[in-house]
Every structure is written in C-alpha cells, then in structure tokens.
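We did not get these values from a lab; they are worked out from the coordinates using the rules stated. From a predicted model like this one, the values you see are computed outputs, not experimental measurements. Cβ sites come from the backbone with ideal geometry, for glycine too, and all protein chains shown count toward neighbours.
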Amino acid sequence: MTTFSESAATALQLVAALDPTLVSIVWRSLAVSASACALACSLGLVLGAWLGVARFAGRAAVLTLLNTFLAVPSVVVGLVVYLLLSRSGPLGFLGWLFSFKAMVLAQALLVLPVVAALTRQVVEDAETLHGEQLASLGAGALLRSLLLAWDERFALLTVVLAAFGRAISEVGAVMLVGGNVEGFTRVMTTAIALETSKGDLPLALGLGLVLLAVVLSLNALTSLIRRWREREEGGTPALPALGMSL
C-alpha cells in the first residue's frame, strides 16, 4: 500500500503529464456539467425572473415548493431520472439510460431549482427597489422581469457559476443514471469514488486536485465578477438607465 505522500506525488505527476485517462475523465465531466448548466439556466433564469415579478394566487406555495427542491439529495434526483428512463419507464423508449444524455438530464434537473430560486431572489430584490417606477413608465410584468434581469446581469452571472459548481461536484445522480462506464459515462466524482474503492489513490487524488482547482477557479471568477460589477455600477444609479431603455 502506498503512503499518502507517494500517492500525492504520483497524482501531481499524472496531472502535470496530462495523463490520457485523467484528461478524458476531466473533459467528460466539464462537457456534462456545462451542457446541464446551459439547459438548466435556459429555463431557470426565465422562470426565476418571472417569479421575481409576477404576483398570482398560490405564489407562496410555488416558492415553498421551489425552495424545498433545493434540499433534495442528488441521489433522489438520480433515482427519479433512472425510473423515468428505465426500460419500463415512460421515457424508456429514448434509450438514454447509462448515457451522456441521461447524466446531462439528471444534473440539469438537480441544478434547475438552484438557478430559479437564486434568480427569483435577485430579481425580486430589484423589483422592490425599481418596480414601481418601471410600472409607472408602462412596463408590464414580463418587460419588468426582462429589464431587471438585464440590470442584474452581473449577479445572475454568479448564479450561473454557482449552478455549474453544483453540477460538477455532485456524484449521486450521475452515478445512478450514467452507470460509471469507463470511457463513456465516467466523470470526476464517480471516478474518484471508484478508484478510491479499488485502491488506485494516485488517480483519485489527481482527479480530486483537478476538481478542487475547478471549484477554486469558479470562486475566484465569482469574486472578480462582483468587483467588476461594483466598478461598473460605481456611483451610477441603475434606474435612469432602465427608464431610458423603455
């Protein structure tokens, strides 16, 4: 059995040498999570922006349900997708189970409530500040949601980054629906779990280092976006710009 220091040294060598197996797993992870994030954001940003402005009967119940979905474990999402895509499930005819598409769908469903809930909060806060003035200028709920979402684009960009980080770091859902098939559906988190159980610590540590680097990069980028937002908005009120855009 190798020591931790030996495993760590070998892991660094694998990363530095761009080991083909490691690179393949990393690229597949990025592709799955990016695709899932794009799908979830295309729906979640619109839904969240609308919920931030719209007022209707049962809205409180919808928001409660949305916030509840934030706490749903990834394995439960994976189980639901597995049942939907299984041979006897309603979507079994697609033949997606244990495929790239199944993993994208599972991660998208996992990330969608995060995007929608955070977007709703951002837009609703902006609506509280500027909603009345926009309404007085003739903007309906849909137009207000679009204008406020654009005005809060820097904040929403951090929502997208948070969604990507949530997607790439989860393991339960993709393990269930992807099957962790080598060369096809094995991603960083599932590979780390498998290689650790097999005793191949260098590869597991190498993938762990790459995953940690990705998460750190996302956090650093989020901080940069916040600083950029502060410089862009520095002292210039957003409301006149919104009013002129009408």
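Classify the chain as rounded, prolate or oblate from the Cα gyration tensor: take a ≥ b ≥ c as the square roots of its eigenvalues, call it rounded if a/c is under 1.5, otherwise prolate when a/b beats b/c and oblate if not. Oblate, since a/c reaches 1.5 and b/c is not below a/b. Normalised by the number of residues in region 4-245, the mean separation of alpha-carbon contacts (under 8 Å, six or more apart) gives a relative contact order of 31 percent. Other residues whose C-beta falls under 13 angstrom from the C-beta of A36 contribute a net charge of +2, scoring Lys and Arg +1 and Asp and Glu -1. Between region 154-176 and region 1-66, the C-alpha centres lie 3 angstrom from each other.
Ellipticity at 222 nm from helices only: DSSP H runs of n ≥ 4 in the chain, each -39500 (n - 2.57), divided by the residue count, give -26500 deg cm²/dmol.
Between L112, L137, L84, the Gaussian network model of the chain with springs among Cα atoms under 10 angstrom shows the greatest mean-square fluctuation at L137. Between T21 and D200, residue separation times 0.36 nm minus the direct Cα-Cα distance comes to 63.1 nm. Label separation (V72 vs S86): 1.7 nm, computed from points 7 Å beyond Cα along the C-beta direction. The relative contact order of region 105-181, computed from alpha carbon pairs under 8 Å that lie at least 6 residues apart in sequence, is 50 percent.
Quote the FRET efficiency, to the nearest 0.05, computed for A57 versus L129 with a Förster distance R0 of 22 Å and r equal to the Cβ-Cβ distance. Write out the running numbers ahead of the final one.
Values: r = 25 Å, r/R0 = 1.14.
Once rounded, the FRET efficiency stands at 0.30.
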